[in-house]
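Following: one structure in structure tokens, then a few remarks.
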Ligand code: HEM
């Protein structure tokens, strides 16, 4: 079967319920958020082990904080991974499912690897005390290695997906087919590294944020925080520089026919990356001051790079005349409105929750809400109740119409 | 049609069932426990009983680690295993319900951020604020159930959707309300079983007795109401599916439901009378019994969906069985019968696309993989092992088997065979070859 025809045949006949550009934008945005927290996870997980093994007052203390941070980071990374997981299946279903099926055992393995890694992370955080020796680090080391393995699986799935011309060869051997799903078929080192190296840069920025966040807490030692900030700024700069090199390596390893170096998405992404590097160079003097703009700038860079990654995918798949913009449409305004309204409402509520966390962490004792915070809380609860009333009301109307 | 994943003896479908079953324990806990928590916390503040907070702390740590580490990962695991068990099925769901899932995702974020903050700020923020977080978490997490039940129920009973193609017609289908209310009431029973287990770890005897007594009342009420709603749920099922309960569901599963609810009611009554008499091991056993009950119900729900993966639309073997005119989708039987399944499916080796004398059995196996492997394995033993089926019916001659294949759709739980006459012959030849 001709590949372009095959891809058309694989597309879901139901079509998609809204314009593809919206799914694409949501996919890229949530992927950027996902990969940022993947970076925080890998980096804090690595550094918490490093600090534990290195010892000394500062590193031990930092290691503990980072181990705790890893448990949160991995949760958030997963949470934010769910959204691109959904959206990629909407517009790239032929590719996503074919790639998953060809490595199905790994897809399932991924879940168990993550469960194990996650549990070990908790062990490494909750079970340590002054009596645990160097051998205890093994929990953290294995957790980190498993996180890395998860990344390898993710990367292989994402890269296999780009090569429909090879699928049938991976699946069949003569007249026999391989239904075991036990192989990962494709791996591209520079691409993989381009997602992994930033872990250390981002964790550098994470440390700068840490120093900034706790700077007014009386129970935090000034010297310690200063050390954390400086270490972070240094890491952020060095690894961003390495990342730029890896980026060019990846660029030059792409098929020449793509001429990706003239792609506007790539150019914007690369410009943001260089700007970030300059910014981080300046940040060395006063990491605390640069922390918040630093993380915003870094996110912007990641977002730009994620769009470049998407543009690259369009290049790969354009070879077979596949474009998400030709996807059959079955516009469904009702459910689109439901999501958009819920999303906006969710931001308000999530904003409230995060503000409580942010404010309570900045004081050493009990945090007492201000009247405006209290109001925000009440509004959040009211919004949730209104949501339920509206949706249930809709449901009752529909059920009465359809079944009574 | 995508490549196929075979799991020796088990089938990808069973991997999915195991994952889904495993997911039940943490996920139902996550929706229900916080309601109990908020109730106890409110009491603690109102009646000035700070000692109750020890329970809150323990119960929410269980929630955080167990529900949100294993619960959310196994939730993603269900999705992944559904993907590799039935990619076209999950694709069909997603292409209709993507905004439903995206909406669910918003609440999922509220839930996960909620539990972290609820746990880590206990005693570090003022009481009112902490309770607010609890309420947000509780309502938000129940809302995830409001949404997911719509999609789950849709797979079994798609309501008016096949005619209208409308999101909400499929969502608020004939089994939606009965299932939502049943799951909601049962969820309190689950919260109660866990709470009693956590209470056994509390040192203060007053607190322990109080928690156990309260929980047992929640448990009894939840189970009794839940059982009544379960009967209503059975009534709302479409006739064809209800009939399959009699035809397909093993007696063991049905007994499992009745016995486990009976045992649990007795357990809760005992807990109410002698709250301090319950220790950790029996409390965990009670959770296991509960698990057995839920497992039986969920397995039956899966079974009676046959032969469809999405009710009135797509068969379990990923072939579209019915038109959905509103969405411009046509059934595939006609085109496959004309062109042949080997030409229709993309992932077929070139040497098997044309049938000749030499490749009959191989082609037959290929067809069987595409059309039968979602429900049968081809090993000697395992899930509805095809060799056993073939031996049971004593298949000896390809011609007779061709007749059997013609009537396949006559079974209430199997999709019809689709393909050309030559393909049917090849499949029959392969099936006969299994009978040795
Ligand atoms: C620590 C664990 C994880 C690591 C290290 C990781 C790493 C990665 C990497 C490196 C990529 C980019 C692959 C490439 O394009 O070459 C990626 C993409 C992705 N990840 Fe993760 N990930 C993790 C967990 C998760 C989880 C739990 C989910 C699901 C909830 C998820 C969902 C996704 C999705 C949907 C994509 C995008 C696929 C695409 O657009 O092609 N990830 N991840």
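Note on chain A: GNM, Cα springs under 10 Å; of A:282, A:326, A:39, the largest mean-square fluctuation is that of A:326. Note on B:350, B:323: ascending count of other Cβ atoms within 10 Å places them as B:350, B:323, the fewest first.
Is region A:333-404 rounded, prolate or oblate when judged by the Cα gyration tensor, a ≥ b ≥ c being the square roots of its eigenvalues, rounded requiring a/c under 1.5 and prolate requiring a/b larger than b/c?
Numbers: a/c = 4.65, a/b = 2.84, b/c = 1.64.
Prolate, since a/c reaches 1.5 and a/b exceeds b/c.
Placing dummy labels 7 Å off each Cα toward the beta-carbon, the span from residue A:19 to residue B:245 is 4.8 nm.
Overall shape of the protein assembly as shown was characterised from the C-alpha gyration tensor. The equivalent ellipsoid obtained from it has semi-axes of 45, 37, 24 Å, in decreasing order.
Considering only A:74, A:108, A:302, the mean-square fluctuation computed in a Gaussian network model of chain A, springs between alpha carbons under 10 angstrom, is largest for A:108.
Given the convex hull over the Cα atoms of region A:184-235, what projected area results after averaging over all orientations, in nm²? Don't skip to the end; give the middle numbers.
On the way: hull surface 18.7 nm².
Orientation-averaged projected area of the Cα hull: 4.7 nm².
One decimal place: the segment residue B:164-residue B:127 gains 8.4 nm when fully extended, by the rule 0.36 nm per residue minus the C-alpha distance. How far, in degrees from 0 to 90, does helix B:127-156 lean away from the longest principal axis of the Cα atoms of chain B, to the nearest 10? Tilt relative to chain B: about 20 degrees.
Here the spin labels are modelled as points 7 Å beyond Cα on the Cα-Cβ line, and at residue A:221 and residue A:136 they lie 1.9 nm apart. In chain B, the ratio of gyration radius to Kirkwood radius, Rg to Rh, stands at 1.05 when only Cα atoms are counted.
Within 10 Å of each Cβ of B:112-119, how many other protein chain Cβ atoms are there on average? Display every interim value, and only then the final one.
Values: counts 5, 9, 3, 1, 6, 6, 2, 0.
For peptide B:112-119, the averaged partner shielding equals 4.
If the viscosity is 0.890 mPa s and the temperature 25 °C, what translational diffusion coefficient in µm²/s does Stokes-Einstein give for region B:212-312 when Rh comes from Kirkwood over Cα pairs? Show your work: numbers first, answer last.
Details: Rh = 15.0 Å.
The diffusion coefficient I find is 164 µm²/s.
Going from the fewest other Cβ atoms within 10 Å to the most, the residues B:314, A:114 appear in the order A:114, B:314. Could you state the angle between the C-alpha long axis of helix B:360-372 and the longest principal axis of the C-alpha atoms of chain B, as a value from 0 to 90 degrees rounded to the nearest 10? Compared with the principal axis, the helix lies near 30 degrees. Each label point was placed 7 Å from the Cα along the Cα-to-Cβ direction; for residue A:169 and residue B:338 their separation is 3.5 nm. Mean projected area of the Cα convex hull of region A:108-154, taken over all directions, amounts to 3.1 nm². Counting every other Cβ atom within 10 Å of each residue's Cβ, A:260, A:139 order from fewest to most as A:260, A:139.
Based solely on its DSSP helices, what 222 nm [θ] is calculated for the protein assembly as shown when runs of n ≥ 4 H residues each add -39,500 (n - 2.57) and the sum is averaged over all residues, nearest 500 deg cm²/dmol?
Working: 32 runs with 614 residues, N = 840.
Helix contribution divided over all residues of the protein assembly as shown: -25000 deg cm²/dmol.
Only beta bridges with both residues in the protein assembly as shown are counted; by DSSP, about 75 percent of them are antiparallel. Between helix B:205-236 and chain B there is an angle of about 30 degrees, using the helix long axis and the longest principal axis of the Cα atoms.
Between the beta carbons of residue A:326 and residue B:422, assuming R0 = 45 Å, the FRET efficiency works out to 0.80 to the nearest 0.05.
Note: region B:332-433, Cα convex hull, 103 Å³ per residue.
The numbers here are math on the coordinates, done by the rules we state, and not lab data. Source: prediction; values computed, not measured. Quick reminder, even Gly has a Cβ in these numbers, built from the backbone with ideal geometry, and neighbours come from all protein chains shown.
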